[in-house]
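Here is the structure we will look at.
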Amino acid sequence: MKNYYRVLVVMLSSLSLDVAASYTNEFGYLGASHQTFDYSELDFSPEIDTSQLTTSVYNAGSSFNGTRLYLGYQFNRFIAAEVGFTSFSNARFTVKEESTSTVLQSGKFKTVGADIRAIGTYPFTDNLFLKAHIGALLWDNEFTFLSGTTTDLSTEDDNTTGISLLTGLGLGYGLNDIFAISLDFETTEIADVSTKSLAVSIVARF
């Protein structure tokens, strides 16, 4: 009888360990990211030297905020996969009349995208882990840019879609059994414009 109880205890212990391991290393999760995008190579005036404008002032930004929502699955300690949707920040430009600040021309670089990515994770401790990912981004972009001459400005629109490679590195920290946070750096290309982002994410697993 004692041997029976010993076997039973060993079996229950093994089962509980398997369940704990599965809960720890295999799970689905939902995430949301706040992202800051940098479009340092974006040129709103490809044919015009805006420094030569005499009665107007050109202003443009290259860094703005956006969001990403995603669904993922962690297969084990080292491999996960995600699908997500990103609303990229809209980079904008304006040309204002110098004397009155009246807006003469304006435009934007607007993008939405869906992605799928494979993620490698390396746990340093039970809470701290390193991330690296590679994936594909399907994007739809609206680009309004300046054309004409410095004395006769106009705008043109270019709407394009495409698929780009995206890569990134990140560092994550598990707050408890449900929630984790991460900081991620990512690069990709949209409409021939190099795009970099820094994201802070909150993840909830289920």
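Debye calculation, C-alpha points only, no solvent: report log10 I(q)/I(0) for segment 103-166 at q = 0.13, 0.14, 0.21 Å⁻¹, in the same order as the q values.
Per q value, in the given order, log10 I(q)/I(0) is -0.59, -0.63, -0.87.
Would you kindly give the portion of the calculated P(r) for the chain that falls above 22 Å, as a percent of all Cα pairs?
59 percent
Would you compute the Debye intensity of segment 48-165 from its alpha-carbon atoms alone, equal scatterers and no solvent, and pass along log10 I(q)/I(0) at q = 0.13, 0.16, 0.18 Å⁻¹ to two decimals?
Values, matching the q order: -0.68, -0.83, -0.95.
Once amide H atoms are built 1.01 Å from N in the peptide plane, which residues 5 or more positions from residue 195, or in another chain, come under 5 Å H to H?
188, 189, 190
Let me check against my output: what whole-number percent is the relative contact order of the chain, with C-alpha pairs under 8 Å and at least 6 apart?
21 percent
Give me a comma-separated list of calculated 3J(HN,Hα) values for segment 37-44, in order, Karplus coefficients 6.51, -1.76, 1.60 applied at θ = phi - 60°, integers in Hz, x for any Gly or Pro.
9, 10, 10, 5, 9, 6, 10, 7
Calculate for the chain the 222 nm mean residue ellipticity that helices alone would give, adding -39,500 (n - 2.57) per DSSP H run of length 4 or more and normalising by residue count, nearest 500 deg cm²/dmol.
-4000 deg cm²/dmol
Please report the net charge: other residues with Cβ closer than 11 Å to the Cβ of residue 193, K and R +1, D and E -1.
-4
Using only the alpha carbons of segment 90-134, determine the length spanned along each of the three principal axes and report them from longest to shortest in whole angstroms.
61, 22, 11
Laboratory data are not the source of any read-out in this text; all were calculated from the coordinates shown. Model, not experiment: these values are computed from the prediction. All Cβ positions, glycine included, derive from the backbone under ideal geometry; neighbour counts span all protein chains shown.
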